[in-house]
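S.K.: Once you've had a glance at the structure underneath, I'll fire off some questions.
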Amino acid sequence: MCLHDNWVKFDLVLVLCGVVANWIIEPVMGGLEEIGPLMVLRTVRLCRLARTVRLLVKFRELWMLVRGLLNSASTMVYTMVLLIIIVYVFAAVGVELIADHPVAETDEEFRIVRDLYFRSLPVAMLTLIQFVCLDSVGAIYKPLIEQDIKLVFYFALIILVIPIVLMNLVTAVIVNGAFEQAGKDKDAAKIHQEQIRKKLVNTMRNIFTRLDEDQSGQVSLDELMKVSQQDLSELERHTNISDPRQLFEALDVDGDGQLGIEEFCTGIWQAAISKVPTEVQRMERQVDSMFKRARDRDDRDKAREDQQTAYSLEETVADLKMGQEKIHALLVELHADHGRLEQLILPERPCLAGLPVKALAVGTSLLSQLPGHKGDQGVKEALLRVQRENELLRARLAEALCPQPEQKEPVPTTALRSTTAGGGVWAAV
């Protein structure tokens, strides 16, 4: 299993290099002068310092730099390959443009610069390496551009592509890799913390099981006072509390005198990862518990109010339905009374033909038949309108029934009796 560790493999390579150098190469070759270049491999053992730096927490920033350098190794390799290709292309173009330039035959300075920097392809590639770092490139392109202005496009393109675009692109890739590595470090830290939490929770569950003697799922103060010395040392290591009574008071947030397994494990874990004192943590958990109970109480009160509102709405809807049925029954009764009035009055008074005499039989006692429904304002208003129409029609009927001037006999008065179920009194006409 140890061979799966990269650091073990690295140590194995270093040991093999030392064995080969000291036990094989040096005895066979016979002298350090002949194997001097191979002794440079011994310096690889300095890389062991990277492992030492990694193990020291104080050098965390240094380890981040070393790891960033190692992670960017592939980027640097690809950068070198791309740089060689670009330099090769521009060097080939430069040799074609400058090596056989006709101005070199007439201008001494142009010829000196050409022979010094662009006489062959390897020399031209070495010259363009100066453009990568912008190392005194003005002394190279200035004499050439002064003699041939068209060369400004060639050197401007070199400066734009190699030192500006390519180098900044490489920097961006390296920085992006550093950000990605930082994100991976955060994820790794979260995973590591989650593993520690699971391990701690499992340990606390085992301790809780040993404390719960009656297997009730709750640990009381008496049971915690009987904790073994080994379990107490484990609890003290995570909470810095050596007294079981103080530990129970710190964990018992709701004050019910019992500790559930979730309450026990959560309290120990928060005490282990928090940097604030245990008393402050307990106060924070108590405040959170109070807020939770207040929210639950508000939710229950709101649910009760909503239920009462729903009941009130149901009663109102039922009253409205009853009111509508009452109005319909009264209208049916009015139509029946209208028919009876026409049968009684029109044979004696033909002059009333065509008179709108509906609702004549409705007396003022009609409203008294209406039960007092809650919120049944619409029914009452409808009946009030019927009463006003009744009074208006009664007045018109009285005018129509007045004695004519040529008549000497008084008009007989007919008393009508109501036939309604409510027993209302008919209006005397």
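The values are calculated or read from the model by the stated rules, or taken from the named source; none is laboratory data. Quantities reported herein were computed from a predicted structural model and do not represent experimental measurements. Cβ atoms come from the backbone with ideal geometry, glycine included; neighbour counts cover every protein chain shown.
S.K.: Those residues that are under 20 Å from residue 272 (Cα atoms) and of a type in the set (D, E, K, R), I need them from the stretch 187-204; list them, please.
M.R.: Looking only at the stretch 187-204, we keep the residues that are under 20 Å from residue 272 (Cα atoms), and these are 188-204.
Once the filter is applied, which keeps residues that are under 20 Å from residue 272 (Cα atoms) and of a type in the set (D, E, K, R), the stretch 187-204 yields 190, 194, 197, 198, 199.
S.K.: Something else now. On the given criteria, is residue 121 in contact (Cβ under 8 Å) with a residue 60 or more places away in the chain and over 17 Å from residue 150 (Cα atoms)?
M.R.: In short, no.
Table: residues versus (1) surrounded by 12 or more Cβ atoms within 10 Å (Cβ to Cβ); (2) not polar (S, T, N, Q).
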| position | (1), (2) |
| --- | --- |
| 130 | yes, no |
| 134 | yes, yes |
| 147 | yes, no |
| 153 | no, yes |
| 168 | no, no |
| 183 | no, yes |
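S.K.: Which of the numbered conditions does residue 98 fail, given that it passes all the others? Conditions: (1) touching a residue at least 12 places away in the same chain (Cβ under 8 Å); (2) surrounded by fewer than 17 Cβ atoms within 10 Å (Cβ to Cβ).
M.R.: (2)
S.K.: To continue, here is another question. Checking the condition among the polar types (S, T, N, Q) and closer than 30 Å to residue 132 by Cβ, which residue from 168, 240 passes?
M.R.: After ruling out the rest, the residue left standing is 168.
S.K.: Also, I was wondering about something else. Does the stretch 67-74 contain at least one residue that is within 18 Å of residue 164 (Cα to Cα) and crowded, with 16+ Cβ neighbours inside 10 Å?
M.R.: no
S.K.: Ok, one more. Working carefully through the options 213, 180, 234, 223, find the one that is under 30 Å from residue 68 (Cα atoms) and of a type outside the set (Lys, Arg).
M.R.: Numbers: 213 fails: under 30 Å from residue 68 (Cα atoms); 234 fails: under 30 Å from residue 68 (Cα atoms); 223 fails: under 30 Å from residue 68 (Cα atoms).
On inspection, the qualifying residue turns out to be 180.
S.K.: Mind checking which residues of the stretch 101-119 are of a type outside the set (Val, Ile, Thr), assigned to a loop (DSSP other than H, G, I, E, B) and exposed (fewer than 12 other Cβ atoms within 10 Å of the Cβ)?
M.R.: Listed by number, the list is empty, since nothing qualifies.
S.K.: For residues that are among the hydroxyl-bearing types (Ser, Thr, Tyr) and under 43 Å from the mean Cα position of the chain (by Cα), scanning just the stretch 226-241, find the one that is modelled with the lowest pLDDT.
M.R.: The residue in question is 239.
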